[in-house]
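The block underneath contains the structure these notes are about, expressed in structure tokens.
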Amino acid sequence: MDYDPSQVYQPEADTYLLLDAARGEVRPGDRVLEVGTGSGLIAAAMRKGARTIATDINPHAAIAAQKAGVDVIRCNLLDPIRGKFDLVLFNPPYLPTESHERIDDWLEYALDGGKSGRETLERFAADVKRVLAPGGRILILISSLTGPGEVKELFATHGLHAELVREEKVEDESLLVLRFTR
């Protein structure tokens with residue numbers, strides 16, 4: 001496979017908002033996992049004070065993250081992860097997407113949140129507690145288009161409580177970073 005940077009989600013306002021929140025959340029010595037790292041920008045920044053690994057399903061993103069100095073596992077969400085992490089970061093595909101809007105390439109994995117915008121989040125929410133250390137925190141970036149109330153309810157059904165930590169208006173949506181704890 002030839003590396004194609006056009007197939008990697010490039011840092012945008014959502015990336016920088018999650019990065020800002022992560023910098024405010026990370027503690028010295030934390031074990032950090034970034035799910036869906038994309039370019040690797042956030043995971044690379046977390047490496048400065050914490051033991052950090054990342055995952056991404058997209059082979060082009062995995063290569064981009066490796067080039068950024070990130071230890072990355074190419075996988076779907078949390079599937080092979082066995083360790084416990086103090087901080088889990090995730091900028092999921094959150095855009096509501098109809099089947100006729102799909103573009104059928106690797107970049108799609110970064111954008112397509114399914115019909116509700118929450119399909120990937122549903123799988124993540126069902127599994128994330130397995131890798132969360134006692135006292136661990138999860139930071140997730142979502143859009144107002146994703147249904148923040150529904151996202152909070154989804155995680156509450158898995159015993160995780162939400163708190164808004166950052167919000168930024170971008171064009172005709174708001175970007176939100178939610179912190180989830182047990």
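Please go through the stretch 60-94 and write out the trypsin sites (Lys or Arg not before Pro) that DSSP classes as loop and that have at most 16 other C-beta atoms within 10 Å. If you can, show how the numbers build up before the last one.
Details: sites: 67, 74, 82, 84; in loops: 82, 84.
Sparse-neighbourhood loop trypsin sites (Lys or Arg not before Pro): 82, 84.
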Put 122, 25 in order of accessible area, largest first, probe 1.4 Å, and you get 122, 25
Each label sits 7 Å from Cα toward the beta-carbon; between residue 84 and residue 169 the label points are separated, in nm, by 4.3
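When Lys and Arg each count +1 and Asp and Glu each count -1, what net charge do the other residues less than 10 Å away from residue 86, Cβ to Cβ, add up to?
Local net charge: +3.
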Candidates for Cα extents along the principal axes in Å are (1) 57, 34, 27; (2) 84, 48, 21; (3) 41, 36, 29, and the calculated one carries label (3)
For residue 94 the rounded accessible area (nearest 10 Å², probe 1.4 Å, non-protein molecules ignored) is 20
Across 10 Å bins beginning at 0, the whole-percent shares of Cα-Cα pair distances in the stretch 34-97 come to 24, 55, 19, 2
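Using just the Cα positions, wrap the stretch 9-59 in a convex hull and report its mean projected area in square nanometres, one decimal place. It would help to have the intermediate numbers written out before the result.
Working: hull surface 13.1 nm².
Taking the Cα atoms of the stretch 9-59, their convex hull projects to 3.3 nm² on average.
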Only helices counted: for the chain, with every DSSP H run of 4 or more residues adding -39500 (n - 2.57) and the sum spread over all residues, [θ] at 222 nm is -7500 deg cm²/dmol
Ordered by number, the trypsin sites (Lys or Arg not before Pro) in the stretch 114-146 that occupy a DSSP loop and have at most 13 other Cβ atoms within 10 Å are 115
Counting only residues 5 or more apart in sequence or on a different chain, those whose built amide H sits under 5 Å from that of residue 166 are 177
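The values are calculated or read from the model by the stated rules, or taken from the named source; none is laboratory data. Treat the numbers as computed from the prediction; the structure is a model and nothing was measured. Note that each Cβ is placed from the backbone with ideal geometry, even for glycine, and that neighbours are counted across all protein chains shown. Heavy atoms of the whole protein, side chains included, go into the accessibility calculation; ligands, DNA and RNA do not. Shrake-Rupley method; radii C 1.70, N 1.55, O 1.52, S 1.80 Å.
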